[in-house]
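Q: Could you have a look at this structure, given as structure tokens, before my questions?
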Amino acid sequence: MKYRTKLWTSISAAALIAASSAVSGMASATASHDGAEGAKLGKDAPGTFLMAQAGEGEGGEGGEGGEGGEGGEGGIDPAAAAKNPALFISALDIIRAHYLAGAAMLDVEGGRSAAGEMFAHPISEVYVDLEPVFEKQRVRPFMDDMTNAVDLALGDAPKEEVMAAVEKVYAALDAAAKKAPKGKFDPLSIDAALMADMFDRAAKQYDAAVSPAGTDEAWIDGYGFWKVAERRAKELLPKLGSKHEDMAAEIAAAEELFANAYRSVEKPASPGVEPGALFAASSRILLKTSSF
């Protein structure tokens, strides 16, 4: 892929080192939590029941994208994402989660390196593998925007300059979402599925982070997933109406619970919420989404 080659020629050496550190850190987290980062975004993934019902999303468990058939970040299968709007946008949500977490790390003393790692990680693990899909959907290439954010975060650039670069990535993600492939499901169903998936990922990363072998990277990732879940929840709630009052109540309760769990992007000395409570809340939301 041309962007895989471009990745190694355009990004700075420091950024590449940071990306490698991020990937290795995520690997240990993945092994410890049954796959929040490694959850397959195919027909069996939380929040993608829509595709299972339609017989879409095939290949999620055996996706051919990425190195070694792993399908890249989160097991994203490019072939499935090319046909499925929820999977396509979920890949964008994973990128956004890393940027939200990285942006938060800019305010932490000594957090520049971690911020750069967060910005770099989804370049090789998400963007590169989805490049053909983005091209097919006529998405404006935005890898240069991502690498610029990495370089600025790892350098001595003022925070305002870094955040300006991050905002360009957010804008690119918003624009890319509008290019998602057409699906058979109404937008409300897709929004609910995406939100449920992010709550599930945040719960799993939290469990990984607070385990005996937990890492700061797992916590930071989880924080990012939670912030995307929060963003999607706020967008979805006004659209639910009286028909889905029970779901609205579950979302509101989950928002309060996850906000209490992820009080900061910095991992606390001890967890403020039991992981089981987060799993229960995310499971209830997922169950409610089946009503769409």
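Q: Could you grab the pairs with beta carbons closer than 7 Å, sequence gap of 6+ or different chains, first residue in the range 132-150 and of a type in the set (Ser, Thr, Tyr), second one open to solvent by less than 20 Å² (accessible area, probe 1.4 Å) and assigned to a helix (DSSP H, G or I)?
A: From the range 132-150, the pairs are Thr147/Ala15; Thr147/Ile123.
Q: Another question, then. Against the definition (surrounded by fewer than 17 Cβ atoms within 10 Å (Cβ to Cβ), among the small types (Gly, Ala, Ser) and part of a loop (DSSP other than H, G, I, E, B)), how does Gly183 come out, yes or no?
A: no
Q: To continue, here is another question. Does Ser113 fit the bill of being farther than 17 Å from Ile94 by Cα and open to solvent by 20 Å² or more (accessible area, probe 1.4 Å)?
A: yes
Q: Moving to a separate point now. As an exercise: evaluate Asp156 against (1) charged (D, E, K, R); (2) in contact (Cβ under 8 Å) with a residue 24 or more places away in the chain; (3) open to solvent by 50 Å² or more (accessible area, probe 1.4 Å) and give the number of the one condition it does not meet.
A: (2) is the only condition that Asp156 fails.
The values are calculated or read from the model by the stated rules, or taken from the named source; none is laboratory data. As the structure is a computational prediction, the values presented were derived from the model and not from experiment. All Cβ positions, glycine included, derive from the backbone under ideal geometry; neighbour counts span all protein chains shown. Quick note on the areas: whole protein, heavy atoms, side chains included, nothing else; ligands and nucleic acids left out. Shrake-Rupley method; radii C 1.70, N 1.55, O 1.52, S 1.80 Å.
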